[in-house]
Amino acid sequence: MTRIIAFIVALVAASQINAAEIGDDGLHKTAWMRDTFKDLAEDLEEANAEGKRLLIIFEQRGCIYCTKMHKEVFPDPKITKIIEDSYFVVQLNLYGDVEVTDFDGESLSEKNMARKWGILFTPTMMFLAESVDESETAAAAAVATMPGAFGRGTTLDMLTWVVEKRYADEVDEDFQRYHARRIQERNDGSTD
C-alpha cells in the first residue's frame, strides 16, 4: 500500500512539474512561448531565421479548454519536442489590450485583432506561412487554423502536418485524411 501511495505522490508531483504557470495576465505561460513586440512581420522574420514556423495561439483568462491543453496535451513529450524544435510561438489574449501589428501594417489591440481575424474560440492556434505578403493579414496568410482544444493525437498530427508542409502537397491528403491515416497507423502500431 505504501508503494501505491508513493507512486501516486510521484505521479502528482511529475504532473505539477509539466503544468504551465499562470502569468499576471491570467494566461498560461510555457518556456516555449516567445515574448515579442507582437509585430508579426518581425516575428516571422525571427522564426524563419531560426528555421521555425510562426504559430500564434490565442487564449483567455479562465479558459478551461486552454487549461486542458496546458495540463494534458502540451506537456506530452512528443508535442513539447515538436513545438520546441519547430515552432516560434506567440501568445495573444483574446480580450487583451497589447498592441499587435499585422502583416498588412495595421496595429490593433489583441482583442480588436482577434475580431479582425475572426477568432471566436480559445485556444485557437494559427499556423502562418513561411512567407507573407505585406498586403495580407495573418488570417489570410494562415496555412491552417485549429480552433478549440483537441487531444494529444490530433494536436500532434496538426503540428506535424504543418511542419511537413502537407498543406502544400499535390496528393489528395488534406489534414482530415492525414489525421485518419495517422490514427490508423497508431492503432496498427506502425508509428509512434
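Quick rundown of the values:
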item	result
Nearest-0.05 FRET efficiency for Ala49 and Glu106, computed from C-beta distance (R0 25 Å)	0.55
The chain: angle of helix 152-163 to the longest principal axis, Cα-based, in degrees nearest 10	40
Distance in nm between pseudo-label sites at Phe175 and Thr154 (7 Å out along the Cβ direction from Cα)	1.0
Of [x] 1.00; [y] 1.05; [z] 1.03, the label for Rg/Rh (Cα atoms, Kirkwood Rh) derived from the coordinates	[x]
Computed label-point distance, nm, for sites Ala41 and Lys68 using a 7 Å Cα→Cβ extension	3.9
Between helix 2-18 and the chain: long-axis angle, C-alpha atoms, 0 to 90°, nearest 10	10
Separation of the Ala31 and Glu84 label points, Cα + 7 Å toward Cβ, nm	0.5
Of the GluC sites (Glu not before Pro) in region 115-192, those whose Cβ has at most 16 other Cβ within 10 Å and which sit in DSSP loop	Glu130, Glu134, Glu136, Glu164, Glu170, Glu173
Using a Förster distance of 35 Å, the FRET efficiency for Asp133-Asp188 (Cβ separation, nearest 0.05)	0.25
Magnitude of the charge dipole, region 20-150, Cβ model with Lys/Arg +1 and Asp/Glu -1, debye to 20	780
Helix 40-49 vs. the chain, principal-axis angle (Cα, 0 to 90°, nearest 10)	60
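Bear in mind these aren't lab numbers, they're just calculated from the coordinates by the rules spelled out. Predicted model only: the values in this text are computed from it and were never measured. Every residue, glycine among them, receives a Cβ derived from its backbone with ideal geometry; neighbour counts consider all protein chains shown.
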